[in-house]
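Asks: Below you'll find the structure I mean.
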Amino acid sequence: MTRQLVISGMLVLALPLRAQTTPGYSAQSAAAERATEADAIARPSPSSASAHSRFLSLQPHMAGTPAQARTRDYVIDQMKSWGLETEVRSYSVWMPHPVSTRLWRIAPDPVELDLKEGAVPEDTTSFAFPQVMPFNGYGAAGDVRGDVVYVNYGLIEDYAQLDSMGVSVKGKIAIARYGRSYRGIKAREAEKHGAVGLIIYSDPADDGYVRGDVYPAGPMRPSRGIQRGSVMNPNGDPSTPGYASTANARRIPVAQMDVPHIPVLPVSYGNATELLRGLTGKSIPQPWQGGLAFRYHVGPGPVQARIAVTTDATTNPYKQIWDTFGMIRGSEFPDEIVLVGGHRDAWGPGAADNVSGIVSVLEAAHAIADQVKAGRSPKRTILFATWDAEEWGLLGSTEFVEDDSLRLSRSAVAYLNQDDVAQGPNFSSGGSPSLRALLRDVAKEVPDPSHQGSVYDVWRKRANLAADTLEPQMGDPGGGSDFAGFYNHLGIPIADWGFGGPQGVYHSAYDSYHWMSKFGDPNFEFHATNARIAAAALLRIANAEILPYDYVEYARTIRRFTSQVAQAITDKHWQLSADALSAAVGRMETAAVAFTAARDRALGAQLSPVMAKQVNATLLGVERQLTRPQGLVTRPWFRNLIYAADENNGYSTMVLPSVNEAIRLGDQAVVGRELADLVQRFDSATRVLQMATGLLQKN
């Protein structure tokens, strides 16, 4: 049989009805759920997605500005019009804005460089509204000068290379190219090595003309394009580390805040040319050569530069930010909450980052709200969130998580993140291993905009998977987006997904509706498709009789990582073993297999609502057991012991971070203690699964 799926009034695809079970559902409820999801999948519209995008990206809307308040009001008005309960939460956060940013080459041939990105005649957003000043959030105010030293990407290993060459940045101005790590790590390392200032530029080899035609002829970064962004490494308001910025919150002094103490400034590769071209000094390692049309050198000298950054840190450092929420109350389990969210703030118009994510949240909310009006309410409460000040360091979502940690720890079932989700045809996804099977299954039900099958079908084709037993690779939770508070801090399962493609306007004034309409998603079909996945995934979780976590896949995923730990220990020639950890993960897998079988048997019989509620409350504890209140030794805010952002990269993932960070530090005693701790926590998670299984067997 086939099912004809009509979207926006047009027959676009005939999908085969899949003869399959739906984890967490009885056979009868699964059929009803699939019909509910199909109805929701048909509702998001490219035309309404385009209208949302046009309004929300009409002008730059940096956090803490009136333009950002405009996006707050739009989101709330839309959700109210669809019948959702709404809420706005405001937090006052320490977030100095720039007053002026200037850069000079003071030798040779002194000249002040024009930092503005400039207008693109066919892109009205680039000149109709003032652009956000070129600056890096949380970079220090100051007026510094010195010899220029090129430090490649500004990684830890790059400074080690400079040391081996006899080159120091102490008392000098470092210039690094964007990429390979979070910009906050670049600022941290420059300051640690004694630089008085840091300039970060986007090299054309990374996202400019070396990669493709530049905007407006193509999607890549033009010579005046700038990547703004925060250079603070922790998450949340730096004045309230680890607790919410509520009205009477205690604020720590500025001197104690974990923010850079040197000026940091982003520049275009056009301006970087004026500093790099004149550098002399030792020959660079070949991988350090970028895409500019001359041979790079490290310096120092003869080029000297001056950076002058003025902020309102002494006059108006605190800004209001606003998180918004639309809520649909659950009909059977109203205290259990499924969340979807994305950030509203941007460094420019933000059509891709992250208006695209907000459009997905809005369209999913509209689809499910229309079902509620038709008399079909989800069993669990669904919360549609938009976060403020993500770009400054995940401020809005972090303050909310810290503010509402007790309720979320007790009741949050899952958090689905939407960030920069529609800028090309290439689908990808990731998140907690416990939700990956669900996301793959939902992707099988949603038609791909290419009309070549489902999103899952096209995903597999692009991955060139030969064997039917293989699945497309899914990403691990690292850092850099709003899932961090939910997953890294509280241990709530998360998932994210999106469509990518060639893009060179990240964090620039050219991330506009015009760019999106010309290159990223001209027909806004990827926006609508993301929303279809969001609506179906939310409903799949919200309506499940038993929460549809897959802890068999979870354990098998982690088992691969335990073998890597064992190899790392062997390489160190330590008298330690990871066998106990491997055995603990194996016990969890055995318990997960038993739970899955018990769940399916119970759902095949008559599962009482009272028993289902007890089982679900128990299941919420599985991944919570794999966190610890004191957090990581290096970063107490990070409580999750399975995945964390790499403290020396910021974007990449550190798996089993408590153990692997200790291995990297070379501390055998700490590795032994962390292994033992992790074994106990996996055994605790196993006991929770066994408790859930025992409850099902009593049914």
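The values are calculated or read from the model by the stated rules, or taken from the named source; none is laboratory data. Since the structure is predicted, the reported quantities are computational estimates derived from the model, not experimental observations. Backbone-built Cβ (ideal geometry, glycine too); neighbour counts: all protein chains shown. Remember, those area values only see protein heavy atoms, side chains included, never the ligands or the DNA or RNA. Shrake-Rupley method; radii C 1.70, N 1.55, O 1.52, S 1.80 Å.
Asks: Can you tell me which residue is surrounded by the most Cβ atoms within 10 Å (Cβ to Cβ) among those in segment 129-144 that are out of contact with any strand residue (DSSP E or B) (no Cβ under 8 Å at 6 or more places or on another chain) and of a type outside the set (A, V, I, L, M, F, W, C)? Explain how you work it out, then say what you get.
Replies: Taking segment 129-144 as the starting set, the residues that turn out to be out of contact with any strand residue (DSSP E or B) (no Cβ under 8 Å at 6 or more places or on another chain) are 129-132.
Subsequent filtering for residues that are of a type outside the set (A, V, I, L, M, F, W, C) retains 130-131.
Numbers: 130: 10, 131: 22.
Step by step, filter segment 129-144, then rank; the result is 131.
Asks: Also, I was wondering about something else. Do we find that residue 610 is closer than 26 Å to residue 563 by Cβ and either at pLDDT 95 or above or of a type outside the set (Phe, Trp, Tyr) (or both) in this structure?
Replies: Values: closer than 26 Å to residue 563 by Cβ: no; either at pLDDT 95 or above or of a type outside the set (Phe, Trp, Tyr) (or both): yes.
No, not satisfied.
Asks: What are the pairs, 6+ residues apart or on separate chains, where a residue within segment 65-91 that is touching a residue at least 60 places away in the same chain (Cβ under 8 Å) and of a type in the set (Val, Ile, Thr) has its Cβ under 6 Å from a residue that is in a helix (DSSP H, G or I) and surrounded by fewer than 16 Cβ atoms within 10 Å (Cβ to Cβ)?
Replies: Every condition considered, the pairs that remain are 86/80.
Asks: Any chance segment 209-217 includes a residue that's on the phi > 0 side of the Ramachandran plot and crowded, with 18+ Cβ neighbours inside 10 Å? Steps first, answer last, please.
Replies: We begin by selecting, within segment 209-217, every residue on the phi > 0 side of the Ramachandran plot; these are 212.
Applying the additional criterion that residues be crowded, with 18+ Cβ neighbours inside 10 Å yields none.
Within segment 209-217, none of the residues are on the phi > 0 side of the Ramachandran plot and crowded, with 18+ Cβ neighbours inside 10 Å.
Asks: Which pairs turn up if I take residues in segment 129-143 that are of a type in the set (Asp, Glu) and look for partners that are not in a loop (DSSP other than H, G, I, E, B) with beta carbon separation below 8 Å, at least 6 apart in sequence or on another chain?
Replies: 143/306; 143/307; 143/308; 143/309
Asks: Does residue 615 meet the test of being farther than 19 Å from residue 477 by Cα, touching a residue at least 40 places away in the same chain (Cβ under 8 Å) and open to solvent by less than 10 Å² (accessible area, probe 1.4 Å)?
Replies: When the stated conditions are applied, residue 615 passes them.
Asks: Something else: Pick out, from segment 587-699, the helices (runs of 4 or more DSSP H) lying fully within it that include 2 or more residues that are touching a Gly at 6+ places or on another chain (Cβ under 7 Å). Quick ask: steps written out before the conclusion?
Replies: Values: elements: 609-619, 621-624, 657-665, 668-698.
Correct list: 621-624.
Asks: Pick from 596, 590: which is surrounded by fewer than 20 Cβ atoms within 10 Å (Cβ to Cβ), among the hydroxyl-bearing types (Ser, Thr, Tyr), at pLDDT 95 or above and closer than 26 Å to residue 483 by Cβ? Lay out the reasoning, then the answer.
Replies: Working: 590 fails: closer than 26 Å to residue 483 by Cβ.
Exactly one of 596, 590 is surrounded by fewer than 20 Cβ atoms within 10 Å (Cβ to Cβ), among the hydroxyl-bearing types (Ser, Thr, Tyr), at pLDDT 95 or above and closer than 26 Å to residue 483 by Cβ, namely 596.
Asks: Answer yes or no as to whether residue 318 is more than 27 Å from residue 150 (Cβ to Cβ) and aromatic (Phe, Trp, Tyr). Quick ask: steps written out before the conclusion?
Replies: Details: more than 27 Å from residue 150 (Cβ to Cβ): yes; aromatic (Phe, Trp, Tyr): yes.
It is true that residue 318 is more than 27 Å from residue 150 (Cβ to Cβ) and aromatic (Phe, Trp, Tyr).
Asks: Taking into account only those residues within segment 556-574 that are open to solvent by less than 70 Å² (accessible area, probe 1.4 Å) and without any contact (Cβ under 8 Å) to a residue 60 or more places away in the chain, which is farthest from residue 643 (Cα to Cα)? Spell out the reasoning first.
Replies: If we filter segment 556-574 for residues that are open to solvent by less than 70 Å² (accessible area, probe 1.4 Å), which is where we start, we get 557-558, 561-563, 565-566, 568-569, 574.
Now narrow it down to the ones that are without any contact (Cβ under 8 Å) to a residue 60 or more places away in the chain: 563, 566.
Values: 563: 16, 566: 17 Å.
For segment 556-574, the residue satisfying everything is 566.
Asks: Kindly list the number of the only condition in (1) within 26 Å of residue 100 (Cα to Cα); (2) within 24 Å of the chain's Cα centre (by Cα); (3) not in a loop (DSSP other than H, G, I, E, B) that fails for residue 239.
Replies: In the conditions (1) within 26 Å of residue 100 (Cα to Cα); (2) within 24 Å of the chain's Cα centre (by Cα); (3) not in a loop (DSSP other than H, G, I, E, B), residue 239 misses (3) alone.
Asks: What number of residues within segment 174-216 are in a helix (DSSP H, G or I) and of a type in the set (Val, Ile, Thr)? So that I can check it myself, show each step before the final result.
Replies: Quick first cut of segment 174-216, residues in a helix (DSSP H, G or I) only: 183-192, 204-207.
Now restrict to residues that are of a type in the set (Val, Ile, Thr): 185.
Final tally of qualifying residues: 1.
Asks: Follow-up. For segment 509-518, which residues satisfy the criterion of being closer than 13 Å to residue 423 by Cβ and buried (at least 24 other Cβ atoms within 10 Å of the Cβ)? Explain how you work it out, then say what you get.
Replies: First, pick out the residues of segment 509-518 that are closer than 13 Å to residue 423 by Cβ: 510-513, 515-518.
Within segment 509-518, 510, 511, 512, 515, 516 meet the criteria.
Asks: Does segment 675-688 contain at least one residue that is more than 29 Å from residue 596 (Cα to Cα) and of a type in the set (Phe, Trp, Tyr)? I'd like the intermediate steps shown before the answer.
Replies: If we filter segment 675-688 for residues that are more than 29 Å from residue 596 (Cα to Cα), which is where we start, we get none.
The answer is no, given that none of the residues of segment 675-688 is more than 29 Å from residue 596 (Cα to Cα) and of a type in the set (Phe, Trp, Tyr).
Asks: Could you grab the pairs with beta carbons closer than 8 Å, sequence gap of 6+ or different chains, first residue in segment 105-127 and on the phi > 0 side of the Ramachandran plot, second one outside any loop (DSSP other than H, G, I, E, B) and crowded, with 19+ Cβ neighbours inside 10 Å?
Replies: 118/126
Asks: Still on this structure: Within segment 42-68, count every residue that is closer than 17 Å to residue 387 by Cα and surrounded by 15 or more Cβ atoms within 10 Å (Cβ to Cβ).
Replies: So the answer is 12.
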